[in-house]
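These notes concern the structure reproduced below.
The values are calculated or read from the model by the stated rules, or taken from the named source; none is laboratory data. All of these numbers come straight from a predicted model, not from anything done at the bench. Note that we place each Cβ from the backbone using ideal geometry, even for glycine, and neighbour counts take in every protein chain shown. Accessible surface areas use protein heavy atoms only, side chains included; no ligands, DNA or RNA. Shrake-Rupley method; radii C 1.70, N 1.55, O 1.52, S 1.80 Å.
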Amino acid sequence: MQAITKILTEIVSDAFEKSGYDRALGAVTASDRLDLCQFQCNGAFSGAKLYKKAPFMIAEDVAAVLREDGIFEKAEVVKPGFLNLTLSDEYMISVIKNIEADEFCGIPQAEKPQTIIIDYGGPNVAKPLHIGHLRSAIIGESLKRLARACGNTVYGDVHLGDWGLQIGLVIAELNERYPDWKCFAEDFDADKDKIVPLSAELLCEVYPFASAKSKENEEFKEKAHTATFELQNGRVGYIALWKEILRVSVMDLKDNYSKLDVDFDYWYGESDADKYIPELMKILEDKKLSYESNGALVVDVALESDKAPMPPVIVRKSDNSSIYATTDLATIIQREKDFKPDKIWYVVDKRQELHFTQVFRCARRAELVPAETELEFLGFGTMNGKDGKPYKTRDGGVMRLSDLIDTVTETSLDRLENSAFVSDEDKEDYAAKLGMAALKFGDLINHRAKDYIFDLDKFLSAEGKTGIYLLYTVSRINSIMKKAGESRSEFTGIYTNAERELMLKLVMTGDTFNYAMDEKAPNYVCENAYQLAVSFSRFYHENHIMDEQDEAKKASWLALAKLTRKVIVKHLDILGITAVENM
Ligand code: ARG
C-alpha cells in the first residue's frame, strides 16, 4: 500500500480538480501542529498566483468538496489559506485495517524496484575485526534490510580486503618463522604439496607483530612488499598459503558477523577484481585518461568547481603494484558485468570520502557504468568513548570487535542475573539478544554521518530511546496477548484519544519508510519505532485492556495492541534486532 500522504494527496488533488484548479496543487504533508490537525495542504497559496484569487477562497472551494466524502472529520480553512485536515475515525480505521492485512506491514513498495549493491563490512583478511568495522556492519545491514523491505533487489557484498600489503606482511613473517614450509619453496607444486593448516590464534598474533616489525626493519618491509607483489603475480606457493589464510580468516569473520546477525550475499574480495584490472587499464588508456606522473600511472579527477585540492587518482604505483583505488575501480567493472546495478552504495568510514570521490569521478570519466547508475558514498562517523575520542581499550589500544561484543553480552547477562522473568537456561540467549539490541539501537539512532558516544549504561537502560525499551514494549504486548488467550481481537471503533494518537503513528509509518529510504538513513526507522512505543505506552496506561467490560472496546484494543507489536517487530527486524518473548 502507499504512504498515507500519497493517498491523501490523490484525494485532495481530485478535490482541486473538481473545483476547477490544477491538481498539482494538492500535495498533502503531515502536520507539524498535531493540536490543530493531522495533515495539511498549502496548495492554495501557489493557486492564488495562478488564478489571481485569494488563497482563502481557493482553499474554501476545495474544503467544501472534501467535506462531502467522509474521509475527513475536519477539512478546515485557516486564514490566509491553510487547509487543515483531520481524518474521520471511520477512515482511520479503514487504513489501519489495510495495514493489518498488508503483507508488507504498510511499508510502501517501490514503484520501480531497483537493483542495489551495498558494499559494507569491509573487513581485512588476516587482521582481526576491530570496532571500526562495527558501524559499517550494523548500518550496512540495516540499509540492506530497509531497501529490501521497500521492494528492491538488494545484494550485500562484504568486499574483503584480501589482496593488499597485510597479506604480504603475514607471508613474510611466516616465512621467517617457518622457512621449511613447502609453500615457500620455488618448486612448490599445488597438486602435490600440502599446506600446513593455520590457526586463528596464530593469524591474529602474526599480523600485528609483522606490521610493527615492518615499521622498524627496512629489510623486512622490503620482503613484505616483494611477497605482496609475487602473490599478486601468481606465485603458486604464496597463492596456496594465501588461500589458507583466507580460509581461517573468513571462518573467524563469519563467526563474528553471525553474532551481530549480519550476513552477506557475496563474499567477494579485492582479489576477485584483479582479473578486471587489465580491462580497466585498457579503458583508461584508450580514452586517454591515464598518464604517467613520477613513474606512477594517474588519472585527473579535479573539477573547476572544486574548492579544496583534488589530487589525481593513482591507478598504478611506480613499482607496478595496484592499489586501493585500482581495486575499487575494477570492482565497479565486475559489479556492472555481474549485476547491472541501478545503485551501488558504499557504507564506509567518512574519513575515506576523498578516496571515493576520486574513484567515482574516475569511473564516470571512464564510463564504467551508465550515467544514470548511482554511485554513492554513505560515510559514517566514529564511535567515541566518553572522553569524546575514538573508543579504545583500557590500555589505549584498538578494541577488537569480539571483545566489544563480549563486554556488551556479559554486561547484559549481569543485568539479567536477578530477573524473575527469564529462566536460567534462557539467560545466555537473552543476554546476547538484549546486548545486540542495546548496541545496534544505540548506534543506529544517530544519523549515520554523526559521531556518537558509546555509553553502555545508557544503551542498556529500559527507559528512553533504547533498544531495550523497544524489546520491553514488545514483551509487554506479548504478556497482554498471553492473558487475552482466545479473546476476540478486531477493530470496532476508536474510543479514546490515546488510541487515535497511536493509530495516527501507525498510519504515518509508510511515510517514515519512504523518508528513511530516500535519505538512506535507518535513524528514522529507530525514531519511528520509539514513537510507536511511547504512544503505545500511553494508550496502555490510559486504557485497562484486560479489565474492560465492553466486549467491542476490548476487542478493538487487543487488535490495536497486536498490530502495534507487529509493526514494531518489523521495525526491529529492519534494524537487525531480534525481540525476546518476555523480560
Ligand atoms: N577494507 C577497507 C578498510 O578497512 C574498507 C573497504 C571499503 N569498501 C570499499 N569498496 N573500498 O578500510
Positions within segment 104-158 being within 12 Å of the ligand (Cβ to nearest atom), surrounded by fewer than 23 Cβ atoms within 10 Å (Cβ to Cβ) and assigned to a strand (DSSP E or B), in sequence order: N124, H130
Segment 196-219, residues that are of a type in the set (K, R) and exposed (fewer than 13 other Cβ atoms within 10 Å of the Cβ): K215
Residue within segment 522-537 that is open to solvent by less than 10 Å² (accessible area, probe 1.4 Å), modelled with pLDDT of 95 or more and among the aromatic types (F, W, Y) present: yes
Helices (runs of 4 or more DSSP H) enclosed by segment 1-89 - at least 1 residues per element that are modelled with pLDDT under 95 and more than 26 Å from N514 (Cα to Cα): 43-51
Residue among E100, E76, E90 that alone is over 30 Å from K350 (Cβ atoms) and either in contact with a Leu (Cβ under 6 Å, 6 or more places away or on another chain) or within 12 Å of the ligand (Cβ to nearest atom) (or both): E100
Residue in segment 284-303 that is assigned to a helix (DSSP H, G or I) and open to solvent by less than 10 Å² (accessible area, probe 1.4 Å) present: yes
Test: A516 is among the small types (G, A, S), at pLDDT 95 or above and in contact with a Ser or Thr (Cβ under 8 Å, 6 or more places away or on another chain): no
Tally, over segment 267-300, of residues that are within 16 Å of the ligand (Cβ to nearest atom) and farther than 26 Å from I167 by Cβ: 0
Lone unmet requirement of (1) within 13 Å of D119 (Cβ to Cβ); (2) more than 12 Å from the ligand (Cβ to nearest atom) for V347: (2)
Residues of segment 304-359 satisfying the condition of being of a type in the set (K, R), on the phi < 0 side of the Ramachandran plot and part of a loop (DSSP other than H, G, I, E, B): K307, K317
Pick from segment 312-351, criterion out of contact with any Lys or Arg (no Cβ under 9 Å at 6 or more places or on another chain) and among the small types (G, A, S), ranking: modelled with the highest pLDDT: A325
Residue count for segment 258-270, restricted to those that are crowded, with 21+ Cβ neighbours inside 10 Å and outside any loop (DSSP other than H, G, I, E, B): 2
Total residues in segment 108-134, condition closer than 15 Å to R400 by Cβ and in contact with a helix residue (DSSP H, G or I) (Cβ under 7 Å, 6 or more places away or on another chain): 10
Considering residues of segment 377-407 that are within 16 Å of the ligand (Cβ to nearest atom) and open to solvent by 50 Å² or more (accessible area, probe 1.4 Å) only, the residue farthest from K440 (Cα to Cα): V398
Number of positions in segment 336-366 that are of a type in the set (D, E), open to solvent by 50 Å² or more (accessible area, probe 1.4 Å) and touching a residue at least 24 places away in the same chain (Cβ under 8 Å): 2
So I323, is it under 18 Å from D119 (Cβ atoms) and within 16 Å of the ligand (Cβ to nearest atom): yes
Pairs with Cβ under 9 Å, 6+ apart, first in segment 107-122 and within 19 Å of E372 (Cα to Cα) and free of Cβ contacts under 8 Å to residues at least 12 places away in the same chain, second open to solvent by 10 Å² or more (accessible area, probe 1.4 Å) and within 16 Å of the ligand (Cβ to nearest atom): none
Checklist (1) open to solvent by less than 50 Å² (accessible area, probe 1.4 Å); (2) of a type in the set (S, T, N, Q); (3) more than 14 Å from the ligand (Cβ to nearest atom) applied to S318, failing item: (1)
Whichever residue in segment 159-180 is open to solvent by 10 Å² or more (accessible area, probe 1.4 Å) and in contact (Cβ under 8 Å) with a residue 60 or more places away in the chain and, among such residues, is farthest from the ligand (Cβ to nearest atom): L165
